[in-house]
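The values are calculated or read from the model by the stated rules, or taken from the named source; none is laboratory data. Being a predicted model, the structure only gives us computed values, none of them experimental. Positions of Cβ are backbone-derived with ideal geometry, glycine not excepted, and every protein chain shown enters the neighbour counts. We work out accessible area using only protein heavy atoms, side chains counted, and drop any ligands, DNA or RNA first. Shrake-Rupley method; radii C 1.70, N 1.55, O 1.52, S 1.80 Å.
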Amino acid sequence: MHLDRRDFLKKGFAVGAAFSLADLSGLFAAEPAPAATGDAPHLVAVRNGTRIDMLNAAIAALGGMKAFVKPGQTVVIKPNIGWDVVPELGANTHPDIVHRLVELCDEAGAKEISVFDNTCDAWQRAYAHSGIEKALEGTRAKLINGKDESMYRVVTVANATKLLDVKVHSLILDSDVYINAPVLKHHSGATMTCAMKNAMGVVWDRRYWHKNDLHQCIAEFQTFKKPALNIVDAYHPMMRNGPRGTNASDVVEMKCLIASTDPVAADAAAAKLLGHQPADIRYIPIAAALGLGSMDLDKMNIQRLQLSA
Amino acid sequence: MKLSWLKPLRVAVAALFFTVLALAFLGAHLPHPLISLFTSLQFVPTLIALATGTSLALGAIIILVVTLTAGRIYCSAICPLGILQDVIARVATLFRRKPFFLRYAPAWTKVRHLFFWTTLLTIPLGGAGLAVAWLDPYSTFGRTVSLLLRPLVLFANNLLVPLAEKVHVPGFYRADIALAALPLLLGVGAVFLLIAVMASLRGRLYCNTICPVGTLLGFIASRSWLKLKINADACGKCGECLKICKAQCIDLKSGTVDTSRCVSCYNCLAACDQGAMRLATNWTVSPAAKPSDATQPPDSGRRQFLLTATGGALVAGASLLPDISRADDHEKKHGDGHGKKRKYKNVVTPPIAGDTDTFLAHCTACQLCISSCTTGVLQPAFLQYGPQHLLKPRMDYSKSFCNYTCHRCTEICPTGAIPFLPVPQKQITRIGMAHFNKEHCIVSLYHTDCGACSEHCPTKAVRMVPYEGGLVIPEVDKSLCIGCGACEFACPADDKAILVHGAPKNKEARRPSEEKPAAPTANKDGFPF
């Protein structure tokens with residue numbers, strides 16, 4: 001199955017192939033993807049497919065990976081690999097998503113693709129047990145140690161009130177394209193973790209954020225660096241005991257994926273999926289007020305895709 | 001029969017033991033059955049494991065049987081400290097201009113007995129305590145490699161990381177280097193220096209004077225079935241065997257080998273081209289030979305033995321130093337029931353279901369768990385457990401925390417001081433208890449959200465409950481806490497607001513239950529936006 005898909009894609013119909021593989025049952029005929037990025041929706045929400053099919057559909061709807069990754073560019077993908085747990089617990093971004101993102105970037109002509117996280121648990125165990133290390137075997141992506149302080153550089157954040165300077169991983173600073181691939185989860189401290197909060201894994205000192213108004217820091221980091229693309233894995237969000245989870249009863253199958261260039265919009269939509277109002281997750285209104293994106297889902301061009309009835 | 005092949009065989013086995021154990025103590029990610037295989041034949045650890053009933057470790061029994069059969073093979077081929085001394089002696093010869101060799105020297109019997117009885121008598125008097133821990137050769141090797149060599153190797157590794165990246169060699173990662181307290185480093189360094197000097201000047205003198213295992217096995221080896229003997233008729237007294245004998249135990253004048261000091265390296269068998277040195281079966285000697293054998297075995301003086309035993313007992317008494325870890329002001333702070341009656345209150349042990357005293361009594365401070373720890377939370381204690389328990393592992397939550405799904409230290413501990421715990425059992429084994437202090441908490445200090453402690457808590461013993469102004473603040477469910485230290489490590493407050501105290505009374509925590517599945521939100525299939 002795996003090989004077949006790769007061979008198929010190699011023929012060059014990246015977008016088309018992705019569609020033909022999804023079990024679309026005629027839905028896409030009614031709602032075709034826009035051809036050019038100019039018409040691309042502000043946010044794409046997909047439901048009821050496999051992770052890979054939903055990701056393929058979302059990327060196609062945003063104009064294909066070529067809209068984000070130009071040939072010869074360097075790409076960094078930042079999934080959530082914070083915890084030494086198996087994929088069933090929903091604490092990390094699913095390896096299928098990471099693997100498919102790497103493939104798409106590869107097909108778009110990326111020169112280098114790097115994947116990392118500044119993990120909470122022991123990094124080698126988290127990389128292994130999340131399934132992401134194995135998923136990247138045989139791909140062109142490099143899985144980089146996020147626990148190596150020498151790879152981080154201090155940068156100043158202009159116009160910040162709390163996060164005045166921050167030590168950021170050089171891959172985020174130096175790569176041409178930064179793709180954010182969070183998993184949607186309950187979070188005991190910040191209520192919810194998704195797109196913007198995932199950036200806590202690209203900095204060295206998280207304690208500083210916790211100590212200096214967590215929500216404000218989460219929003220202010222986006223003023224320094226916004227991802228080119230946010231892919232939210234909401235296949236089975238963790239509804240409680242987050243962000244680590246205690247066992248598989250903490251997740252609820254939702255079969256959803258959200259994609260947007262706007263991290264504020266992605267978080268706003270994700271908040272709704274967990275049953276929150278976006279304004280109740282404090283870093284979302286702060287980020288919206290800073291002009292980092294839109295949290296007003298009613299006024300947004302959202303493309304909603306149902307993959308199977 | 002020509003037996004010169006015994007030496008290369010010994011060298012090969014020794015190289016294997018040395019390499020695997022050195023890598024293990026350097027912290028290489030070797031599979032634990034491999035490490036356990038090579039520690040399962042270490043004398044003192046397996047003797048402790050068997051004697052305390054923590055595991056059916058037969059290593060010590062096997063070594064006793066082997067020694068009674070063929071002499072101190074353990075000392076030459078299995079004991080990593082013995083092999084290390086051979087390596088040091090070999091390196092030392094590289095720096096010598098003049099040819100150098102050791103002559104026969106008489107045994108230092110009194111010193112041997114002093115150290116042996118000291119070690120033996122401290123066991124009933126004060127647990128494994130100081131003497132066993134500091135004189136077990138396997139543990140001494142472990143400390144030398146783990147505490148002295150490992151930081152140097154990691155430093156070199158960290159220099160190589162950028163280089164490896166440039167030439168695209170994968171598998172090199174920067175490692176955190178944790179140095180033990182300076183007095184500990186100096187102590188371990190001094191012991192190593194003593195051994196190194198002795199080894200480079202006098203071969204296996206350490207093994208034949210200080211090492212209690214050497215003395216015990218020497219006593220048995222002098223009565224072993226197979227022994228090295230000199231065939232006086234064939235011996236031309238050329239002295240080739242003397243040149244390569246590291247134990248200085250071949251006396252050509254009397255034509256005897258002191259088998260209590262012979263470490264069965266078999267160098268002499270390979271060196272003797274006259275066929276005079278041979279392995280003879282000892283228990284079938286002719287009656288005529290018996291009296292001469294029995295007249296003066298080097299360690300047979302019974303009076304001397306008793307004399308040194310008394311001296312040993314006195315030294316043993318000195319190892320029973322007062323336990324200073326009890327003193328604390330915890331009770332003053334928190335009132336009745338806190339501190340006082342519990343020793344080691346603020347020291348957290350590795351994951352053990354038993355009590356701290358038993359753990360300390362069985363641990364020889366070999367550092368294998370510390371070198372193998374996946375997060376680096378296990379660090380050698382200084383005075384935390386008391387001065388007689390230097391270098392035994394403790395949880396250092398300023399460095400890291402215990403990874404919930406890891407049980408590596410319980411897999412590899414060779415003495416059974418950290419008995420094996422399957423992961424599900426380890427996950428409810430309580431080694432400490434989190435104590436929350438609201439006055440230091442970010443949420444109450446600055447009125448902003450934080451929750452780093454709860455975020456890291458793997459059992460959700462630390463959960464966030466409603467607080468002023470829509471904020472949430474930590475609360476500890478003591479029934480769920482296992483004392484892993486994730487909360488303490490993660491706490492961003494300068495003065496930690498959550499601290500784990502060790503030695504809890506109730507050793508088993510409640511397992512985070514498989515509650516009712518979390519409720520889905522209303523929008524079953526559609527989009528809530």
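Straight-line cross-link reach from A:K70 at under 13 Å between alpha-carbon atoms covers these aspartates and glutamates, not counting any fewer than eight positions away in the same chain: A:D106, A:E107, A:E112, A:D176. Legend: residues in segment A:189-231 shielded by at least 40 square angstrom of accessible surface upon adding the remaining protein chains to the isolated chain (1.4 Å probe, heavy atoms) are A:G189, A:R207, A:H210, A:K211. For segment A:233-255, the residues whose amide N sits under 20 Å from a probe point set 7 Å from the Cα of B:D477 along the beta carbon direction are A:238-252. Note that segment B:6-314 presents 49 Å² accessible area per residue, ligands and nucleic acids not counted, probe 1.4 Å. Relative to the longest principal axis of the Cα atoms of chain B, helix B:6-26 runs at roughly 20 degrees.
With everything on Cα atoms, drop me the angle between helix B:182-202 and the longest principal axis of chain B, reported from 0 to 90° to the nearest 10. With rounding to tens, the tilt is 20 degrees.
In percent, rounded to a whole number, the relative contact order of chain B is 16, using alpha-carbon pairs under 8 Å and six or more apart.
Place a point 7 Å from the Cα of B:K438 along the Cα-to-Cβ direction; which residues of segment B:482-499 have their backbone N under 15 Å from it? Under 15 Å, as judged by backbone N against the label point of B:K438, lie B:497-498 of segment B:482-499. Legend: mean number of C-beta atoms from other chains within 10 angstrom of residue C-beta atoms, peptide A:123-129, equals 2.
The residues B:V87, B:V44, sorted by heavy-atom accessible surface at 1.4 Å with ligands and nucleic acids left out, run B:V87, B:V44 from largest to smallest.
The local environment of A:A190, defined by Cβ-Cβ distances under 15 Å, has a net charge of +4 under the rule Lys, Arg +1 and Asp, Glu -1. Per-peptide packing, taken as the mean over residues of other Cβ atoms within 10 Å, places B:449-455, B:468-474, B:223-229, B:192-198 in the sequence B:449-455, B:223-229, B:192-198, B:468-474 from highest down. Annotation: extensible slack from B:H168 through B:F155 equals 2.7 nm (criterion: 0.36 nm per residue apart, minus Cα-Cα distance).
Rounded to the nearest 100 Å², what is the buried accessible area between B and A, both sides summed, probe 1.4 Å? Provide the component values of the computation, followed by the final result.
Details: alone 26510 and 12630 Å², together 35070 Å².
The summed interface area works out to 4100 Å².
When the solvent-accessible area of segment A:168-270 is split by element, carbon and sulfur atoms take up 40 percent of it, the probe being 1.4 Å. Between B:H435 and B:L499, B:V500, B:H501, the built amide H atoms are under 5 Å apart, and every one of these is 5 or more places off in sequence or on another chain. The gain in end-to-end length when the B:Q425 to B:S254 segment is fully stretched comes to 55.4 nm, 0.36 nm per residue minus the alpha carbon separation. Surface composition of chain B: carbon plus sulfur atoms contribute 65% of the solvent-accessible area (1.4 Å probe, protein chains only, all chains present). Average accessible surface for chain A: 34 Å² per residue, computed with a 1.4 Å probe over protein heavy atoms with every protein chain in place.
Its relative contact order, with pairs defined as Cα atoms under 8 Å and 6+ residues apart, puts segment A:24-306 at 23 percent. Under the criterion of Cα pairs below 8 Å and six or more residues apart, the relative contact order for segment A:200-288 equals 29 percent.
Mean residue ellipticity, 222 nm, helices only, chain B: the sum of -39500 (n - 2.57) across DSSP H runs of n ≥ 4, divided by residue count and rounded to 500, is -12000 deg cm²/dmol. For the listed residue pairs A:K167/A:K299; A:K167/B:K392; B:K7/B:K392; B:K343/B:K496; A:K134/B:K426, the alpha carbons are over 30 angstrom apart in A:K167/A:K299; A:K167/B:K392; B:K7/B:K392. Here B:K110 is the anchor, and the lysines within straight C-alpha reach of less than 21 Å, apart from those fewer than 8 places off in the same chain, are B:K246. Per-residue shielding of B:454-464, expressed as the average number of other chain Cβ atoms within 10 Å of the residue Cβ, stands at 5. Can you give the angle from 0 to 90° between the axis of helix B:109-126 and the longest principal axis of chain B, with both taken from C-alpha atoms, to the nearest 10? Approximately 30 degrees, to the nearest ten. Rounded to the nearest angstrom and listed largest first, the equivalent-ellipsoid semi-axes of segment A:24-306 from its Cα gyration tensor are 25, 22, 20.
Which net charge results for the neighbourhood of B:A280, defined as the other residues with beta-carbon distances under 10 angstrom from its beta-carbon, given Lys and Arg at +1 and Asp and Glu at -1? Residues close to B:A280 contribute a combined charge of +3.
Take the Cα of B:V465, step 7 Å toward its Cβ, do the same at B:L64, and the gap between the two points is 5.7 nm. Taking a threshold of 27 Å on the Cα-Cα distance, which of the pairs A:K78/A:K162; A:K111/A:K225; A:K225/B:K399; A:K226/B:K166 fall above it? In this structure, A:K225/B:K399; A:K226/B:K166 lie more than 27 Å apart at Cα.
In order along segment A:72-84, phi translates into HN-Hα couplings of x, 7, 9, 10, 10, 10, 10, x, 8, 10, x, 10, 7 Hz, rounded to whole numbers, per the Karplus curve 6.51 cos²θ - 1.76 cosθ + 1.60 with θ = phi - 60° and x for Gly and Pro. Between B:R223 and A:K134, the modelled labels are 5.6 nm apart [label points 7 Å from Cα along Cα→Cβ].
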